Amino acid sequence: MKWNDPGRDAFLKMEEAASEQKRAFQGKSGAEERKPWRDRLYGGLKGKMTVRTMDIIIGATIALIVLVIIIGVVS
């Protein structure tokens, strides 16, 4: 067998691509359920911040936005 056999190289590349596709398909088998958007967004804060604290932060942010809009309209 020659060391630079193009047919063998093509076969090995095709075999490698097929095994990568097989691994990718098996990895996406649905065993891992997708988390709800709230868990994905706030999951890093779990245990560090309570829901009540997040509600206060969100409320304060909304109040500040409304205040800035009112000041912008008045002036």
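The values are calculated or read from the model by the stated rules, or taken from the named source; none is laboratory data. Only a predicted model underlies this, so the values are computations on that prediction, with no experimental measurement involved. Accessible surface is based on the protein model in full, side chains and every heavy atom, while ligands, DNA and RNA are left aside. Shrake-Rupley method; radii C 1.70, N 1.55, O 1.52, S 1.80 Å.
Details
- Of all residues making up region 42-54, the number that are in a helix (DSSP H, G or I) and open to solvent by less than 80 Å² (accessible area, probe 1.4 Å): 5
- Odd one out for ASN4, checked against (1) open to solvent by less than 100 Å² (accessible area, probe 1.4 Å); (2) modelled with pLDDT of 75 or more: (2)
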